[in-house]
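One structure below.
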Amino acid sequence: MHLILQYWNTLIHTTLLPSRECPPVLTDESIESFIKQSEEEQDKVRNSLLEGMLKRSKLKDKQQWVRITQAMLIRLIDKLYSYTQSKEVDLKIFHLYKIVIGHLEDTLNFIKDFFGIYFDYDERVPVTYLIICLKELSTQVKLLHEIVQPHKPYIQALAEIIVNNFNKFCLENKNAATYNQLEYQKDLMDHLLTNKTLASEDSISEVLFYFNYNDHDYIAYLKEKLSSLTESLDTTKEKIAALRFNGFSFLKYS
């Protein structure tokens, strides 16, 4: 175990480890003591992390130091979160679990904020963060769907493809997703909901091509639209002219 996380590791895997036969029974005083110690541990871990960075001169060693700490924190968060899912957990102990999870999350966010260049964005996010992000995405998907309702049918059809893709992502990644995967979905949604992006097919397409959006249904949508515009034309020049006249924004990126 990563030594700078030894206290939390022992607390989670030993002291607070639930058992079906004998769930942990703690007094109010011991619970408050654990909370206080865990709160103090945040500063100790941050200082140890900084000291470890200063001791390492090579970028590779710094990166490894950060990523090991990151990975272990994520696993501790997930383990403690799994304890909260038991129906038999006492309310006071549940409260303790949640507070310690918060301390772990704050420490992980500290690493992400201050050592972002070494942070592993291909690492899966903690389940607690995943739940929040997917819930927010689901809310934004409903908003997106509502915004396009007054617009023309072809815009609604395009939006439906996007909505289905977001819903599919939320469903398929409800148990695990990486930082990069989540950031992509969040950034895409933010751009789609910016100003009047959803008011026209061109503005939507600009965003999708900017994000290299390669959803199978969207590619099929484009193929069908391209075919309908060019199938009656004989020459390549005529076909290009027709596409430009109809404002296909992806031509700007070609």
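Values computed for the structure shown
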| read-out | value |
| --- | --- |
| Hits in region 135-160 - residues which are touching a residue at least 40 places away in the same chain (Cβ under 8 Å), surrounded by fewer than 17 Cβ atoms within 10 Å (Cβ to Cβ) and closer than 17 Å to E206 by Cα | Y154, A157 |
| Residues located in region 193-222, provided they are surrounded by 15 or more Cβ atoms within 10 Å (Cβ to Cβ) and within 20 Å of the chain's Cα centre (by Cα) | V207, L208, Y213, D215 |
| Residue list for region 98-136, filter: more than 26 Å from K36 (Cβ to Cβ) and outside any helix (DSSP H, G or I) | F115, G116, I117, Y118, F119, D120, Y121, D122, E123, R124, V125 |
| Filtered residues of region 230-245 (kept if at pLDDT below 70 and either surrounded by 13 or more Cβ atoms within 10 Å (Cβ to Cβ) or among the β-branched types (V, I, T) (or both)) | A242, L243 |
| Counted residues, region 168-187 - those being closer than 20 Å to T139 by Cβ and surrounded by 15 or more Cβ atoms within 10 Å (Cβ to Cβ) | 8 |
| All positions within region 69-105 that are among the β-branched types (V, I, T) and at pLDDT 95 or above | T69, I74, I77, I99, V100, I101 |
| Selection within region 91-109 - over 16 Å from I132 (Cβ atoms) and out of contact with any Leu (no Cβ under 8 Å at 6 or more places or on another chain) | L91, F94, H95, I99, H103 |
| Evaluation of D190 against (1) among the charged types (D, E, K, R); (2) at pLDDT 95 or above; (3) crowded, with 16+ Cβ neighbours inside 10 Å (one fails), failing number | (3) |
| Matching option when the condition is surrounded by 15 or more Cβ atoms within 10 Å (Cβ to Cβ), touching a Leu at 6+ places or on another chain (Cβ under 7 Å), at pLDDT 95 or above and under 16 Å from F110 (Cα atoms), among V66, V45 | V45 |
| Test result for K225, out of contact with any strand residue (DSSP E or B) (no Cβ under 6 Å at 6 or more places or on another chain), buried (at least 16 other Cβ atoms within 10 Å of the Cβ), farther than 24 Å from R124 by Cβ and at pLDDT below 80 | yes |
| Qualifying positions in region 70-97 - surrounded by 17 or more Cβ atoms within 10 Å (Cβ to Cβ) and either in contact with a Ser or Thr (Cβ under 7 Å, 6 or more places away or on another chain) or closer than 15 Å to I35 by Cβ (or both) | L73, I77, L80, Y81, I93, L96, Y97 |
| Hey, E51 exposed (fewer than 13 other Cβ atoms within 10 Å of the Cβ) and in contact (Cβ under 8 Å) with a residue 40 or more places away in the chain or not | no |
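The values are calculated or read from the model by the stated rules, or taken from the named source; none is laboratory data. Keep in mind the model is a prediction, meaning the values are calculated, not measured. In this analysis, Cβ positions are derived from the backbone assuming ideal geometry, glycine residues included, and neighbour counts consider all displayed protein chains.
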